Amino acid sequence: PHFSSLESAGRLRFPARACCIGPMGITTDAEERAPFDESGQLVKEYFLANDVALVKLGYLRQLAERGGKLQRRQAMPREALVMGEELRSHTFGKAGRRLFAVSHAWLSVEHPDPSGARREELLFQLAYLLAEDSALIFLDFCSLYQVDKTHLDFKRLKMGERLRPGHPAALTPPQTKSTAAAVRGVDAVFASAVVEVIALPTIHPIENDNMAGFAWTRNRRDYMSRGWCFTEFCIAQHFGRVVNTRLVKTKALLGQEHIVKPEELETFLLKEDIVFSTSSDKSVVLPLYRRFHATVSKDDLIKDIQEDRAGENKQALTAGLSALHWRVRRDFVDALGAKKVSDFATLIAPALAEPDYRVRLAAQDALARMKPVKILTAEFAAKLAEDDTEVRLEAIKGLSKLGAMSYTQATALARQLAGSEVFVVAAAKDALLQMSLAAADAVAPFLAERDAQTRDAAQQILSSFGDAGLEAAADSLAARLRSHVNGGPGDAPRELLRALAAVGPRASKHAETVAKHLGDRDASVRCAALEAILKMEQHGARAAAALLTSHDPEVRVQAIRALKRMGDYGVAYATVVAKRLGDDVWTVRRHTVDFLVCCGPSVVEVHADELRRMRDEDADEDVRLQSAQALEDAGLSEDPIVTPPFSRPPSVDLLASSPEMFPDIDM
């Protein structure tokens, strides 16, 4: 990793390959080992984006007491569901509510559980798993919008026919759209680390065959010969999410290997060894299964890339680039970049705008190695260097024809924001606005630009992407900061820290990375780190407090000084800071006393006994005097303190009284 020097114009530039990927670069060992969706944030985003409803377990138990049947999503009582904005406030897994997903075989074509046998089986499994009424359940029939297949008009439909638009049994256009999107991404539910999957493979008989003259169409196929059941179980088994392992049939399935190659699954579907009740579901499941299988076979596929056989596995690798786990996507991008497999440049380019910053940065690194991108970059740079404004404008506008490949030029476009020609700047800004998070990464370093025009343009572009843009910028800046080589000039980390400060609270998750620079040997870097940490509120205070046990006394001092500046967020750590009153280094003790004074008399009073001891016994005269003064100011000392003349060297008194005269000296 490296950073280029300051250009003659005084602006810092950040090359595309300014960070390392991997445990020693932008990710930690914990991140590398973490299971898919450990926090549950991704599955929550899936629920919110696709209007998915979760069923309250308490409602299902009440339904069983009444002897009622499961109802399709549209007919479910609102109070039985958690969805939309209500869902946004929930956390799942160890930190919140238990979340279950049910993989089951529908017992009839029209209804998954006409007799209530499946409901009873599910409730028995949940009781065995000690699930409380507050638990939430993803159950397809109740969670996703469903066509009313019990309607007589539906039963009269012939092969290939559909209900007319607006029919009461049909889905509305918004319902159709959200359900289709939910189905395409349902693998996220069965793979998420916060989801406990209950597999119910038993095919129960339907006890009540008639309902007011309506005959149920029984589905007798076994669980693993049904397309959705097969796919859901394979995913849940691979990720270790199946929890009802005491059910005999589930236990038996878990003891077998079911995962097959996508080509074999296609053969099973052609032979109808595995079937879908709705034939169009094949086209949905196959891409979903391919990206899952790419995860399973990642090591073999990467070995093929290394042995120059990427072209033979293009379909599998393409699926792998959209795998669920960011680590899988990143590893495929890394491998293709390392071998400079240029044929995949157009397939990797969309990753420059994907949500996970680790994959975006890997894509930046990989694409920079590939010949098509090198050629495009050289040609674009040559046109931007032309004196003719029209040539530059045409070059910028021409990027729109390149699709995702245009993202590779986002950094070059961001540099145009500092130009003096209004039309070129406007064209560059418009082009960046079409590049989503690729643009966020590119303009992030310019948030701290000294030139107001450039800085404002960068802020406007990020604002247009909302919170996602700000978070992407923060992720990118923090990754570059972590990958900076220690010991070099402080310009790069200083500018990165200032840019993070400009992002504000949205950069809070990187507070620990920023706090590490509070003890930097470069004063300008320390100041920039302090500026950024102050914007991170309680997260910044927590990160600063974590440095109080650093082996470096200067770091401990800077942590205390940061907390002193953080108002109530810093005061919250008064007890932790007060432990430094017994520090071995006198400067740490002195700053600790100063911190307690700034917290107010009530905090000083809590630690009055220790301050009195320091006043009388501390080995350092400055610490003794400061402790005595703290007690006096808080009204806790009987004897007023009188500072003897020349208790400190005159030069130190001068520095303390007029710090503005010595801006380079840290008091």
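The values are calculated or read from the model by the stated rules, or taken from the named source; none is laboratory data. Worth saying up front: this structure is predicted, and the values here are computed from it rather than measured. All Cβ positions, glycine included, derive from the backbone under ideal geometry; neighbour counts span all protein chains shown. Each accessible area value is taken on the protein alone, full model and side chains, heavy atoms only, with ligands, DNA and RNA left out. Shrake-Rupley method; radii C 1.70, N 1.55, O 1.52, S 1.80 Å.
What to note about this one:
- Of all residues making up the range 365-418, the number that are surrounded by fewer than 19 Cβ atoms within 10 Å (Cβ to Cβ) and either β-branched (Val, Ile, Thr) or free of Cβ contacts under 8 Å to residues at least 12 places away in the same chain (or both): 16
- Of all residues in the range 107-121 being part of a loop (DSSP other than H, G, I, E, B) and among the aliphatic types (A, V, I, L, M), the one that is modelled with the highest pLDDT: 107
- Flag if residue 360 is touching a residue at least 40 places away in the same chain (Cβ under 8 Å) and either of a type in the set (A, V, I, L, M) or open to solvent by 10 Å² or more (accessible area, probe 1.4 Å) (or both): no
- For the range 111-121, the criterion of being open to solvent by 20 Å² or more (accessible area, probe 1.4 Å), in contact with a helix residue (DSSP H, G or I) (Cβ under 9 Å, 6 or more places away or on another chain) and not aliphatic (A, V, I, L, M) is satisfied by at least one residue.
- Selection status of residue 330, at pLDDT below 95, touching a Lys or Arg at 6+ places or on another chain (Cβ under 7 Å) and in a helix (DSSP H, G or I): no
- Residue match in the range 283-295 (condition: touching a helix residue (DSSP H, G or I) at 6+ places or on another chain (Cβ under 6 Å) and farther than 13 Å from residue 320 by Cα): yes
- So residue 456, is it open to solvent by less than 20 Å² (accessible area, probe 1.4 Å) and not hydrophobic (A, V, I, L, M, F, W, C): no
- Consider the range 248-297 and keep the residues that are closer than 15 Å to residue 222 by Cβ and among the aliphatic types (A, V, I, L, M). The one that is surrounded by the most Cβ atoms within 10 Å (Cβ to Cβ) is 274.
- Applying the set (1) over 18 Å from residue 53 (Cα atoms); (2) open to solvent by 50 Å² or more (accessible area, probe 1.4 Å); (3) not basic (Lys, Arg) to residue 174 leaves exactly one unmet item: (1).
- Single residue of the range 87-106 satisfying the filter (farther than 17 Å from residue 55 by Cβ and outside any loop (DSSP other than H, G, I, E, B)) that is least open to solvent (accessible area, probe 1.4 Å): 93
- The one condition in (1) in a helix (DSSP H, G or I); (2) without any contact (Cβ under 8 Å) to a residue 60 or more places away in the chain that residue 232 fails to fulfil: (2)
- Qualifying residue in the range 610-620 (condition: more than 29 Å from residue 509 (Cα to Cα), among the acidic types (Asp, Glu), assigned to a loop (DSSP other than H, G, I, E, B) and in contact with a helix residue (DSSP H, G or I) (Cβ under 8 Å, 6 or more places away or on another chain)): yes
- Checklist (1) without any contact (Cβ under 8 Å) to a residue 40 or more places away in the chain; (2) out of contact with any Lys or Arg (no Cβ under 8 Å at 6 or more places or on another chain); (3) open to solvent by 20 Å² or more (accessible area, probe 1.4 Å) applied to residue 545, failing item: (3)
- Qualifying residues in the range 126-156 (those that are surrounded by fewer than 12 Cβ atoms within 10 Å (Cβ to Cβ) and more than 15 Å from residue 58 (Cα to Cα)) - the one modelled with the lowest pLDDT: 156
- Of everything listed in (1) under 27 Å from the mean Cα position of the chain (by Cα); (2) within 29 Å of residue 147 (Cβ to Cβ), the single unmet condition for residue 97 is (2).
- Conditions (1) touching a Leu at 6+ places or on another chain (Cβ under 7 Å); (2) closer than 26 Å to residue 460 by Cβ: number failed by residue 344: (2)
- Number of positions in the range 531-542 that are closer than 21 Å to residue 578 by Cα and open to solvent by 40 Å² or more (accessible area, probe 1.4 Å): 5
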